[in-house]
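See structure below.
The values are calculated or read from the model by the stated rules, or taken from the named source; none is laboratory data. Since the model is a prediction, treat every value here as computed from it, not as a measurement. Glycine gets a Cβ as well: all are built from the backbone with ideal geometry, and neighbour counts include every protein chain shown.
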């Protein structure tokens with residue numbers, strides 16, 4: 001069965017038989033997935049190596065070989081409090097292909113964060129987001145999961161926080177929704 005999309009003037013007809021991921025040029029968007037998680041928990045770590053943040057997980061099953069994946073996560077709040085030894089939080093995107101071990105997406109040591117070592121500014125909370133562009137190795141039919149990992153900054157003496165319960169989530173009664181969007185782009 002063929003479905004036809006017809007323009008307003010009856011021209012530019014496209015059939016679904018003609019639109020396949022294999023026939024679209026490099027750079028074409030093949031699919032977009034999104035996942036959200038609403039929570040009211042404060043996420044904290046004293047680790048100096050990256051650990052799973054517990055925020056939302058993004059999931060995509062590529063429809064074409066050799067695709068790139070644009071990853072964007074938002075809807076979380078980073079916390080610093082220099083007067084209390086919480087100088088900053090840093091984060092990095094990790095991925096798992098077909099249920100394998102989570103590994104970092106980018107070659108660097110981090111993909112973002114916040115930092116304040118002045119010790120005089122008190123605490124502040126700010127919007128966090130992270131965007132990376134991935135060229136994953138996979139076989140068609142395999143699922144790729146993406147998660148944000150985090151750690152305390154190297155000079156912290158009192159942990160690192162995302163969605164700090166004493167700040168934006170005062171008293172734990174406020175919910176926040178984190179969102180991750182994955183865009184498959186033809187390679």
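Some points to look at:
- Listed by first and then second residue, the pairs linking a residue in the stretch 129-151 that is at positive phi to a residue that is crowded, with 22+ Cβ neighbours inside 10 Å, with Cβ atoms under 9 Å apart and 6 or more places separating them unless they lie on different chains, are 141/62.
- Scanning the stretch 77-86 turns up at least one residue that is within 15 Å of the chain's Cα centre (by Cα), at pLDDT below 95 and under 15 Å from residue 163 (Cα atoms).
- Test: residue in the stretch 149-158 that is surrounded by fewer than 19 Cβ atoms within 10 Å (Cβ to Cβ) and in contact with a helix residue (DSSP H, G or I) (Cβ under 7 Å, 6 or more places away or on another chain): yes
- Of the residues making up the stretch 39-74, just one is loosely packed, with under 15 Cβ neighbours inside 10 Å and at positive phi, namely 66.
- Criterion (under 25 Å from residue 38 (Cα atoms), at pLDDT 95 or above and either in a strand (DSSP E or B) or over 14 Å from the mean Cα position of the chain (by Cα) (or both)) met by exactly one of 92, 142: 92
- Cross-chain or 6+ apart pairs with Cβ under 8 Å, the stretch 43-59 first and under 21 Å from residue 70 (Cβ atoms), then modelled with pLDDT of 95 or more and assigned to a loop (DSSP other than H, G, I, E, B): 59/143
- Hey, residue 126 at negative phi, surrounded by fewer than 19 Cβ atoms within 10 Å (Cβ to Cβ), touching a strand residue (DSSP E or B) at 6+ places or on another chain (Cβ under 9 Å) and at pLDDT 95 or above or not: no
- Residue satisfying all of: in the stretch 103-123; more than 17 Å from residue 151 (Cα to Cα) and touching a strand residue (DSSP E or B) at 6+ places or on another chain (Cβ under 7 Å); modelled with the lowest pLDDT among these: 122
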